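Read through the structure below, which is laid out as structure tokens, and then see the notes.
The values are calculated or read from the model by the stated rules, or taken from the named source; none is laboratory data. Predicted model, so just to flag it, every value in this text is computed and none were measured. Every residue, glycine as well, gets a Cβ built from its backbone with ideal geometry; the counts of neighbours run over all protein chains shown. With ligands, DNA and RNA removed, areas are computed over all heavy atoms of the protein, side chains included. Shrake-Rupley method; radii C 1.70, N 1.55, O 1.52, S 1.80 Å.
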Amino acid sequence: LNAAETALIPFPAQELFEIELGGFDVAIFQNFNYGPFRTRQYLPNIAQYIRDGGGFLMVGGPLSFASGGYYGTPITHVLPVDIPPGFGEERLLDDRPFRVRLTHAGTHHPITRLALDPSDNARRWAETEQLEGMNLVTQTKPDAVTLLEHPTLRDQQGKKMPVVAVREVGQGRTMAVMTDSTWHWSFLAGNKGGDPRIHSAFWSNAIKWLIKDPEMGLVQVRTLEERIPVGEVAKATIQVFQPDYRPAANQKIGV
């Protein structure tokens, strides 16, 4: 058999990134190198899809971020992090094990909220299993928020290098996870008697945030009573948050 006879079905790049893209709530690039699939021409579509209200998540690995050749592409402009140019894999990846650290912003953000009590939440993150493998980035963008950071690696500004960062881009949202080993929080934790639910809780929270689940809106309206008879006055509380979910004071709102 020749190569043509054994070739797989062509990757549906045009269908996914041009025709059907607007119908998706979130697009996920998990260790995805666009090069072999001839999708570079569609990367501007993805950037515009995000600005128009879509969600985008890039997960780390040897084919992600700078290692996947994304430096200088339209994806660069919508990511929460700046990435270095690709000068060889040894400069773009760090394979040493590490345990993530929860940032101050991460204590407020719903993606990294594993428990309502802040001290309990911090304790649970401090007890997570170590991860392995890290895509190196230049820095977090000024309008982005770092939720989890590396304990030792530093970015170009001397700050702790982000492991998980999020950003509001136009009407949409983007998220960067600079490792592909978060499964350690599930499988390794379970084998050692730890809590494997951290993995599912983190990713469930992440998807809800990316698709703008009403539970994670920056403006929250809650009635004080569960049931309000027709004709009665409804009393409600309105909370407004900053992008990192700290309370936002002195905001003008319309009801």
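Among the residues of the range 45-65 satisfying the criterion of being touching an Asp or Glu at 6+ places or on another chain (Cβ under 9 Å) and part of a loop (DSSP other than H, G, I, E, B), which is farthest from Thr174 (Cα to Cα)?
Initially, the range 45-65 is screened for residues touching an Asp or Glu at 6+ places or on another chain (Cβ under 9 Å), giving 45, 54-55, 59-62, 64.
Next, only the ones that are part of a loop (DSSP other than H, G, I, E, B) stay: 54, 60-62, 64.
Values: Gly54: 9, Gly60: 14, Gly61: 17, Pro62: 20, Ser64: 15 Å.
Ranking the candidates gives Pro62 first.
For Leu188, only one of the following conditions fails: (1) crowded, with 22+ Cβ neighbours inside 10 Å; (2) more than 11 Å from the chain's Cα centre (by Cα); (3) of a type in the set (A, V, I, L, M, F, W, C). What is its number?
The single condition Leu188 does not satisfy is (1).
Report, by residue number, each residue of the range 1-33 that is under 20 Å from Tyr71 (Cα atoms), modelled with pLDDT under 85 and not in a helix (DSSP H, G or I).
Asn33
Do we have Tyr42 as over 19 Å from the mean Cα position of the chain (by Cα), in a helix (DSSP H, G or I) and buried (at least 16 other Cβ atoms within 10 Å of the Cβ) here?
Answer is yes for this residue.
So is Gly60 buried (at least 16 other Cβ atoms within 10 Å of the Cβ) and under 16 Å from the mean Cα position of the chain (by Cα) or not?
Criteria met by Gly60.
List pairs: first residue in the range 241-255 and at pLDDT 85 or above, second residue part of a loop (DSSP other than H, G, I, E, B) and of a type in the set (S, T, N, Q) anywhere in the structure, Cβ distance under 7 angstrom, at least six positions apart or on different chains.
From residues that are at pLDDT 85 or above, the pairs are Ala248/Gln242.
Determine which single condition Val177 fails, assuming it passes every other condition in (1) within 25 Å of Leu79 (Cβ to Cβ); (2) surrounded by fewer than 19 Cβ atoms within 10 Å (Cβ to Cβ).
Condition (2) is where Val177 drops out.
Kindly evaluate Pro80 against the criterion of being surrounded by fewer than 18 Cβ atoms within 10 Å (Cβ to Cβ) and modelled with pLDDT of 95 or more. Steps first, please.
On the way: surrounded by fewer than 18 Cβ atoms within 10 Å (Cβ to Cβ): no; modelled with pLDDT of 95 or more: yes.
For Pro80, the condition - surrounded by fewer than 18 Cβ atoms within 10 Å (Cβ to Cβ) and modelled with pLDDT of 95 or more - is not met.
Please tell me if Thr112 is closer than 21 Å to Phe32 by Cα and out of contact with any Pro (no Cβ under 9 Å at 6 or more places or on another chain).
Here the answer is no, as Thr112 does not meet what is asked.
Please specify each residue of the range 197-240 satisfying the condition of being of a type outside the set (Val, Ile, Thr), free of Cβ contacts under 8 Å to residues at least 60 places away in the same chain and either touching a Cys at 6+ places or on another chain (Cβ under 8 Å) or assigned to a loop (DSSP other than H, G, I, E, B) (or both).
Asp213, Gly217, Leu218, Leu224, Glu225, Glu226, Arg227, Pro229, Gly231, Glu232, Ala234, Lys235
Those residues that are farther than 26 Å from Phe241 by Cβ, assigned to a strand (DSSP E or B) and open to solvent by 30 Å² or more (accessible area, probe 1.4 Å), I need them from the range 152-174; list them, please.
Matches in the range 152-174: Thr152, Arg154.
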